[in-house]
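What follows is a single structure, written as structure tokens, with notes after it.
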Amino acid sequence: MIIAIDGPAGSGKSSTAREVARRLGFRHLDSGAFYRALTLAAQRAGIPPEEWESLDATDLDRFGVRAVPGDGGFRMLLGDEDVGDAIRDPAVNADVSTMAKVPAVRAWLLDRLRAASNGVDLVSEGRDTGTVVFPDADLKIFLVAEPRERARRRLIQQGVAEPSEAELAAETERLLERDRIDSSRAVAPLRKANDAVELDTTNLTFEEQVDRIVSLALERRERLAHE
């Protein structure tokens, strides 16, 4: 069974998908981590973002980005280095949308993301998981939340326990710009799949949103078992 969870930055995709996978005993796949790892690799290689459009499959292979199963999900590696923490750096956040809109990058990753689902029950999350990567997913969820709440969550994730008004305003602006880029890109833009269930998490606790998705997943699995 494949569950696809999509939504804009700060909507709670990663933490929610990880916990849903844990509760169901599924493997968790963070598609955004692949884009982040490629972004980090390009930054470390000294390739400026304005040149990323010219990257091809050979360049991407040379970066040495790979994912290996571990801890109920996948560990992101650059060569033999685990970069799970490094890919969450603000500098990576600032450039990952540029990497994600490169056609060669999306084509390069598509087969790798799909290969991760072979023979396993999977909860995958990203921005085009239900529309492009797994268009036939058994359950599709599209998470949304008010921009200010998304900004608050993102800042807390970055270690800002009590964000100031100025920090919230600046982060909200960054997220809205990220939304604009992700929604308007020519290749696989951020959008809700026609058959996705939209879940507004603005006023939900973390446990509430996880409970709702787990409930939907169990209902869908029961239905599939009788088809």
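Mean separation of Cα pairs under 8 Å and 6+ residues apart, divided by the residue count of segment 43-83: what relative contact order is that in percent?
The value is 25 percent.
Whose amide H sits under 5 Å from the amide H of Arg75, counting only residues 5 or more places off or on another chain, with H placed in the peptide plane?
Val68, Gly70
What is the log10 of I(q)/I(0) for segment 1-131, computed with the Debye formula using one identical point scatterer on each Cα and no solvent, at q = 0.10, 0.19 Å⁻¹?
One equal scatterer on each Cα of segment 1-131 leads to -0.29, -1.10.
Could you give me the ³J(HN,Hα) list for segment 66-71, computed from phi with Karplus coefficients 6.51, -1.76, 1.60 and θ = phi - 60°, whole Hz, x at Gly and Pro?
Per residue, the Karplus-derived 3J(HN,Hα) values read 8, 10, 10, x, x, 6 Hz.
Sort out for me the Cα centre separation of segment 34-108 from segment 165-227, rounded to whole Å.
23
For the chain, with the dipole built from +1 on Lys and Arg beta-carbon atoms and -1 on Asp and Glu ones, taken about the Cα centre, which of Ser184, Ile2, Ile87 lies farthest toward the positive end?
Towards the positive end, the residue furthest out is Ile2.
Rounded, prolate or oblate: which fits the chain when a ≥ b ≥ c are the square roots of the eigenvalues of the alpha-carbon gyration tensor, with rounded for a/c under 1.5 and prolate only if a/b beats b/c?
Oblate, because a/c is 1.5 or more while a/b does not exceed b/c.
Describe numerically, in nm with one decimal, the distance between label points set 7 Å from Cα along Cα→Cβ at Arg44 and at Met1.
Between Arg44 and Met1, the simple spin-label model gives 3.7 nm.
Using the membrane-span-like helix rule (whole DSSP H runs, Cα extent along the own axis of at least 24 Å, mean Kyte-Doolittle hydropathy at least -0.5), which helices of the chain qualify?
206-225
Rank by packing, highest mean first: peptides 5-15, 121-131, 97-107, 203-213, with packing defined as the count of other Cβ atoms within 10 Å averaged across residues.
Going by the mean number of other Cβ atoms within 10 Å, highest first, we get 121-131, 5-15, 97-107, 203-213.
Calculate for the chain the 222 nm mean residue ellipticity that helices alone would give, adding -39,500 (n - 2.57) per DSSP H run of length 4 or more and normalising by residue count, nearest 500 deg cm²/dmol.
Rounded to the nearest 500, the figure is -15000 deg cm²/dmol.
Every read-out reported here was derived from the displayed coordinates using simple, explicitly stated rules and does not represent laboratory data. All values derive from a computational prediction rather than experimental measurement. Virtual Cβ from ideal backbone geometry, glycine too; neighbours counted across all protein chains shown.
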